[in-house]
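Beneath this line is the structure, given in structure tokens, with notes to follow.
The values are calculated or read from the model by the stated rules, or taken from the named source; none is laboratory data. Model, not experiment: these values are computed from the prediction. No Cβ is skipped: glycine too gets one built from the backbone with ideal geometry, and neighbour counts run over all protein chains shown. We work out accessible area using only protein heavy atoms, side chains counted, and drop any ligands, DNA or RNA first. Shrake-Rupley method; radii C 1.70, N 1.55, O 1.52, S 1.80 Å.
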Amino acid sequence: NCDWSSDVCSSDLYEICNLYRLAPRGAPLRIPDWISLRCYDAVFIHCTLSYNPDDLLLLDAVHREKLADYSGLKILMKQDETFRVAGLQAWLSTAGMSLILTCLRPEDVRRIYPTSLCPHTRFVHTLTGYVSPAMRRIAETKTGSRPIDIGYRGSLQPYSFGRLCYEKRQIGDVFARICRDRGLRHDISSRWEDRYFGQAWYDFLRRCKATLGVESGASIFDFDGSLEKQCEHYLAAHPDADFETVHRLYLAPYENNLR
């Protein structure tokens, strides 16, 4: 039930425990007490678990062994580092991570992970995705048999992430209008309910002759959480406000403070 699996990579044995399978929907993700951390040389926290710092803070809440006291190698894989920076830093102040895999440029790392919080941590720059052996085995579909001319899935991210993040939604909206005007068969959406996961994503791409490309990431880092709160309060009172309005009122001075 917990999607527990093991595999061999080079000479190392690793085991994977999917905490999402253990927790009821919406409940905190926690390491179950029946897992003994002392049995392992290293603990690797995946980026899907580390997205929300609140999950990191509760990770060992019910466990008899605390991550801060664990003496083995502790590895954090982090993406979407713009999200609730202060919460991440609060967790790092006691976590004692050995290695952090980061999407930040090397010259920007210490702005999010200051030496005072991570004095002995090593950082490795990574991309947001890699081609796996399984992906390389996906069967090719002839372009002519693909029913969709252009397909795309963006995402509805908070305005406080900045213009770069907003463009992932905007490019889909603009190009959908172009497709309608030119009679192109398209399947373009940024709605959460239209997203594909797992094999369904690859199946979708194989039905498309082309897909849109856009820079990923964010162009504003909300270091203390104040921008997120300001935007939420304004949008609660003005739910139809567009990005440009919110950007002009609150975000413009912070645009490109970190990418």
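Checking every one of the GluC sites (Glu not before Pro) in segment 54-147 against DSSP loop status and a limit of 12 other Cβ atoms within 10 Å picks out Glu140.
Note on Asp41/Ser116: beta-carbon distance plugged into 1/(1 + (r/R0)^6) with R0 of 41 Å gives a FRET efficiency of 0.90. About its Cα centre, the dipole of the chain is roughly 760 debye, where the only charges are +1 on Lys and Arg Cβ and -1 on Asp and Glu Cβ. For the chain, the longest piece that avoids every one of the chymotrypsin sites (Phe, Trp or Tyr not before Pro) found in DSSP loops with at most 13 other C-beta atoms within 10 Å covers 35-129. Convert 10 °C to kelvin, take the viscosity as 1.306 mPa s, use the Kirkwood radius over C-alpha pairs of segment 141-259 as Rh, and evaluate the Stokes-Einstein diffusion coefficient in µm²/s, rounded to a whole number. The estimated diffusion coefficient comes to 100 µm²/s. Sparsely packed loop sites in segment 200-259 (the GluC sites (Glu not before Pro) outside DSSP H, G, I, E and B with at most 14 other Cβ atoms within 10 Å) comprise Glu215, Glu255. Working note: Karplus 6.51/-1.76/1.60 with θ = phi - 60° gives segment 76-83 the couplings 10, 9, 10, 10, 6, 6, 6, 7 Hz, where Gly and Pro are set to x. As a fraction of the 1.4 Å probe accessible area of the chain, surface on carbon and sulfur atoms comes out at 52 percent. Residue pairs exceeding 30 angstrom between C-alpha atoms, taken from Lys66/Lys168; Lys78/Lys229; Lys74/Lys168; Lys209/Lys229: Lys66/Lys168; Lys74/Lys168; Lys209/Lys229. A convex hull fitted around the alpha carbon atoms of segment 57-137 yields 129 Å³ per residue.
Report, for the chain, the % of DSSP beta bridges that are antiparallel, rounded to 5. Taking every DSSP beta bridge within the chain, about 20 percent pair in antiparallel fashion.
Relative contact order of the chain, taken over Cα pairs closer than 8 Å and 6 or more residues apart, is 16 percent. Taking trypsin sites (Lys or Arg not before Pro) across segment 92-131, none is in a DSSP loop with at most 10 further Cβ atoms lying within 10 angstrom of its Cβ.
With Rh defined as the Kirkwood radius, the inverse of the mean 1/r over Cα pairs, the Rg/Rh of the chain is 0.99.
The convex hull defined by the C-alpha atoms of segment 9-78 has an orientation-averaged projected area of 5.1 nm².
Along its first, second and third principal axes, ordered by size, segment 1-126 spans 42, 37, 24 Å in Cα coordinates. With contacts taken as Cα pairs under 8 Å and at least 6 residues apart, segment 1-124 reaches a relative contact order of 19 percent.
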